[in-house]
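Just so it is clear, none of the values below were taken in a lab; they were calculated from the coordinates. Model, not experiment: these values are computed from the prediction. We place every Cβ from the backbone using ideal geometry, glycine too, and count neighbours over all the protein chains shown.
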Amino acid sequence: QVQLVESGGGLVQPGGSLRLSCVASGFTFSSYIMRWYRQAPGKERELVAAITNAGNTNYLDSVKGRFTISRDNTKNTVYLQMNSLKPEDTAIYSCNAWSLGRSSWGQGTQVTVSS
């Protein structure tokens, strides 16, 4: 049974940092592309960052230089380090695992950036 469990969200002041984690189980983690998405109230879900099984990464333009996605295949975990957070980064962040058309989602973790 595929399972993705996110953690690390919370309330942070503008300019602060958070690190999100997503622990995976039930599939061959190292073979999957891992992605972080976010959805703010009243907005479409958007892809924030992705990392391939080879470690190649790409980012949403608005987070480039501030967010870093990484993975540890020995721990079946993908991370999203978020620095210089802005109020517009406020959203529910969810991780996604994708391979050959198979896609699975975590339950999401709330990130709120506010003073």
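Quick one: compute the contact order of the stretch 34-115, relative version, from alpha carbon pairs under 8 angstrom and 6+ residues apart, as a percent.
Numbers: 140 pairs, mean separation 22.7, N = 82.
Reported relative contact order: 28 percent.
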Label model pair ARG45, ASP61: point-to-point distance (7 angstrom along the Cα→beta-carbon line) in nm is 2.3 nm
In whole Hz, what ³J(HN,Hα) sequence does the stretch 6-19 give by Karplus (6.51, -1.76, 1.60; θ = phi - 60°), x for Gly and Pro? 8, 7, x, x, x, 9, 9, 6, x, x, x, 10, 9, 10
Take the Cα radius of gyration of the stretch 1-83 and divide it by 2.2 N^0.38 Å, with N its residue count; two decimals is plenty. 1.10
Amide H contacts of VAL48 (H built 1.01 Å from N, under 5 Å, at least 5 apart or other chain): TRP36, TYR37, ARG38
Could you pull out which residues in the stretch 1-39 have an amide N less than 12 Å from a spot 7 Å beyond the Cα of TRP98, following the Cα-Cβ vector? 33-37
Once both label points are put 7 Å beyond Cα along the C-beta direction, the SER31-ASN73 separation in nm becomes 1.2 nm
Volume per residue, Å³, of the convex hull around the alpha-carbon atoms of the stretch 48-93? 75 Å³
